[in-house]
Structure formats: structure tokens, C-alpha cells
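Engineer: Quick one: structure below, then a few questions.
The values are calculated or read from the model by the stated rules, or taken from the named source; none is laboratory data. This one's a predicted model, so the numbers in the text were calculated from it and none came from an experiment. Note that each Cβ is placed from the backbone with ideal geometry, even for glycine, and that neighbours are counted across all protein chains shown. Just so you know, the surface numbers come from the protein's heavy atoms only, side chains and all, with ligands and any DNA or RNA stripped out. Shrake-Rupley method; radii C 1.70, N 1.55, O 1.52, S 1.80 Å.
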Amino acid sequence: MHNPRLKIAYLFTTFPKNTETFLQREIIAMHRLGADLRIYSFWGGGGTFCGLPVRAFNKWRLLELFWIIPWVAFTRWDVFGILLRGLLTRRAPSWINFWENMLGAGFAGVFYRAFKKDPPSLIHAAWSGAPATAAWCLSRLNKIPYSAAAHAYDIYEHGGDWWLLEKLADARFIHTSTAMGRATLVQRGVPADKVRLIRRGLDAFPIMNPLRPDRSPIRIVCVGRLVEKKGFTHQMRIYGALRDAGVAFEARIIGDGPLRETLEQTAAKNGVADKVTLMGHLALPEVWRQLQWADVLIHTGVVARSGDRDGLPNVIPEAMSAGVLVITSPAAATTEAIHHGETGLVADVEDISAWVTDMRRLATDDLLAESLRAEARRWVEENFDAHKNASQLHACFELAAQTTIDNTASSHHPEAS
């Protein structure tokens, strides 16, 4: 039986965030399992979520650091000295990551006394950027155990977060949702027995869409932020090749981002502006309605120039659960769910002719389509059940909360010197 007194301080960069529904599901699951949740949002967010208060960080409180920093430097040099040495000897991979870490450290300074007065059983950082910095500092200051999550951006963007290894060295465990993420962390020196591969999940599995008997024009949907790692430039070339090959199609792209204007121009350049609709951001219920409309979901992910890449985008198993056929690039962790010829099809974004061939097969081969749909649904039910996966994560929280603290690891970590 789960311990109803387990108090978890959940630290987020922004919560709730409409593009991070997987984290919202995680909070709902932890609450359902009896955890006493204290939710903090560093940048924006706040209010309430499913009846739970979300404590937004008032940035004006950072002014308190003018007297908190000298006090911590004088009384807790064991913590402050490590931070100062890192600031003086190491360069952040980007200004954004620098300020993310400073925000996390600032939060810890401001909330140090509050966490000392009323300590949670465990602090959990939902990301390994600002939240993990705050968790690491609060843990060392107050000897509260903490855990952290590391998934894609915080592992790969510009080579990973500035203080990633130090923060993960002291964490009771690290949660990642892909085998790719786990392998990368272990390769970088994180002990394998500390990294827990626990996937995300669906609260309930939808009724599968029936296969449309006439899939001409074939209906294509793509869901994702309009950023480089989604490979939309390649996607527009694929649409142009489909048109040239005489494959009738209609495509809808759901999501917003800095590349919207560029994609509109690229669609026109490839002669497919009349066949591709940029729908912008849609609320989750409307995304599910678009999945009901679609025959195929495509994902053209690539490794961005910054090193950032997707893990396993949640929309892929969501589409698989609904009976939507999936074609994906092999970049990142998508092939952990999409096994070529079994649960979907895989094609390199540079091999445009392969995408045309695959799309034509899915439009005409009913036996192949039904086989892929059945196996995809089976994979999702076995691997993407939110209740089962959340129970595994909750068990990790319970074990971590029972662990005593020995705050010596980071000061001896090779990356800290």
C-alpha cells in the first residue's frame, strides 16, 4: 500500500505548460496514488491544476539574494564554494542555460528557510536544468533527498546542461523515458543502477479509428513545435515529392513556433501550399480530433545543429493507440516504439523516395496497414500505460525518500573541479 504521507516537492521550469501534457499526466497520477504534492513553477505558470495549488516563483523575491548570498557564503561555504568555483572555472554551453541555472540557484536561496522549516520527504526536479539546480542546492543546504528527470533537451542541447553530472551524481535516482536517454547518461558516467527507464503513458486507451477503405487522398497529420529538430524543411520536400509522384494527399501540421513563416514560404516554394495547412497550436481535445481524421502521422525529426533532438514524442504512441499509421525518421528514440514493418515504417529524411514509396503503400495496402495498426496498439498497451508506469515512478519516490543523505558526492565529482 502506498504511503499517503509521502510529501514530494515537485519543481518545474513552467507548470502547467500546454506543450507538456505528459508532465500534467504525471502529476495527476502521483496525486491519485496518494502523494502529498507541493508544486513549484519557476517561470510563469502557477494558479491551480486539477485542484492542486501551483506556487509560481515571484521574481521580485530574487532581490532577497543581496543579503542571502553573503549569509550563505559565510555559513555554508561547503555549498557556496562549489558553486563559486564552477562559475569561475567553467563556461556555460549557452546564455539560456546559464540563466536557467542561476534561476534554479536563486530559487533555492530564496526558499532555503521555507524548506528547512517544513521539509518534504523528497524533492523531485522535473527537468535537469533550473529545477535540478534548485533541488541540488536545497538538498545540500537542508539534507533533503532529491531525484531528477533527464529526457532530451537537458541531455543534448549544446552537449547537455552546464551542471548536469554534478546534479545527477547526488540525485537518489534519475528518471528518463527512453532507452536512448538512459544509454547516453550511462555513457557520460552516471551509474547505470541510478537511471530508471520509465516511460510516459496514457490514462485511458481510445477506441481505435477504423481503417478508411479509400485512403485517397491520404490524410497526413504532424504534431510538433515548429523548430529545427522537427525536420519540417525535409517534410516540405516530402510533400513536394508526393505531389510530383501523383500521390493524392492532404496534410495538417499542428503546432506553433519560430519557423512558421519560413515553413509557409517553403510550402509555397515546393508547390504544396494548397495541400498543407499550418493549424497552429491546438488544445489537446482538438489534437485528438485531428488524430481521428488522419490516416497517417509523420515525424521527420532530426538532430538540430545545437545537438537537441526528440526523445520519443508522446504524440507517436498516442497516434499508435488511436489506429493512426506512423512513418518516422530514425533520429532520436522514435524507433523504440516504431519498429519498421511491425508497428510502423521508418525512413531517413534524406531518402525522399522512400517516404513516397511508404506513403503509397499505406494508401493502398490494407493488409499491411491493418497489421501495423494491430501491432502498434499492442506495443502501446504494453509500454505506455500511465497507471502502470506511474506506479513504478511512485515506488522510486518512496524508496528515494527513505534514503539518508551524505552530501559529499558532488564536491569530489571529476566535473566539479
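Engineer: Restricting attention to the range 237-244, does a residue exist that is among the hydroxyl-bearing types (Ser, Thr, Tyr), farther than 30 Å from residue 371 by Cα and assigned to a helix (DSSP H, G or I)?
Structural biologist: no
Engineer: Give me the pairs, please: first residue somewhere in the range 197-220 and under 16 Å from residue 177 (Cβ atoms), second residue anywhere and assigned to a loop (DSSP other than H, G, I, E, B) and among the polar types (S, T, N, Q), beta-carbon distance under 8 Å, and either six or more positions apart or on two chains.
Structural biologist: If the second residue must be assigned to a loop (DSSP other than H, G, I, E, B) and among the polar types (S, T, N, Q), the pairs left are 197/177; 197/178; 198/177; 199/177; 199/178; 200/177; 200/314.
Engineer: When you look at residue 278, is it in contact (Cβ under 8 Å) with a residue 24 or more places away in the chain, assigned to a strand (DSSP E or B) and open to solvent by less than 10 Å² (accessible area, probe 1.4 Å), yes or no? Walk me through how you get there before you give the answer.
Structural biologist: Numbers: in contact (Cβ under 8 Å) with a residue 24 or more places away in the chain: yes; assigned to a strand (DSSP E or B): yes; open to solvent by less than 10 Å² (accessible area, probe 1.4 Å): no.
It is false that residue 278 is in contact (Cβ under 8 Å) with a residue 24 or more places away in the chain, assigned to a strand (DSSP E or B) and open to solvent by less than 10 Å² (accessible area, probe 1.4 Å).
Engineer: Moving on to the next point. Would you confirm whether or not the range 70-77 contains a residue that is among the polar types (S, T, N, Q), assigned to a helix (DSSP H, G or I) and touching a residue at least 24 places away in the same chain (Cβ under 8 Å)? Full working, then the answer.
Structural biologist: Applying the first criterion (among the polar types (S, T, N, Q)) to the range 70-77 yields 75.
Subset that is assigned to a helix (DSSP H, G or I): 75.
Those still in the list that are touching a residue at least 24 places away in the same chain (Cβ under 8 Å) too: none.
No - not one qualifying residue is present in the range 70-77.
Engineer: In addition: Test residue 181 against the stated conditions and say whether it is in contact with a Leu (Cβ under 6 Å, 6 or more places away or on another chain), open to solvent by less than 10 Å² (accessible area, probe 1.4 Å) and touching a residue at least 40 places away in the same chain (Cβ under 8 Å).
Structural biologist: For residue 181, the condition - in contact with a Leu (Cβ under 6 Å, 6 or more places away or on another chain), open to solvent by less than 10 Å² (accessible area, probe 1.4 Å) and touching a residue at least 40 places away in the same chain (Cβ under 8 Å) - is not met.
Engineer: Residue check, residue 115 against (1) over 17 Å from the mean Cα position of the chain (by Cα); (2) open to solvent by less than 10 Å² (accessible area, probe 1.4 Å); (3) within 26 Å of residue 192 (Cβ to Cβ), all met but one. Which one?
Structural biologist: (3)
Yes/no per residue for (1) under 25 Å from residue 330 (Cα atoms); (2) open to solvent by less than 20 Å² (accessible area, probe 1.4 Å); (3) touching a residue at least 12 places away in the same chain (Cβ under 8 Å); (4) part of a helix (DSSP H, G or I):
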{"residue": "252", "(1), (2), (3), (4)": "yes, no, yes, no"}
{"residue": "264", "(1), (2), (3), (4)": "no, no, yes, yes"}
{"residue": "267", "(1), (2), (3), (4)": "yes, yes, yes, yes"}
{"residue": "282", "(1), (2), (3), (4)": "no, no, yes, no"}
{"residue": "285", "(1), (2), (3), (4)": "no, no, no, yes"}
{"residue": "297", "(1), (2), (3), (4)": "yes, yes, yes, no"}
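Engineer: Please verify whether the range 20-37 includes one or more residues that are part of a strand (DSSP E or B), open to solvent by less than 50 Å² (accessible area, probe 1.4 Å) and not β-branched (Val, Ile, Thr).
Structural biologist: yes
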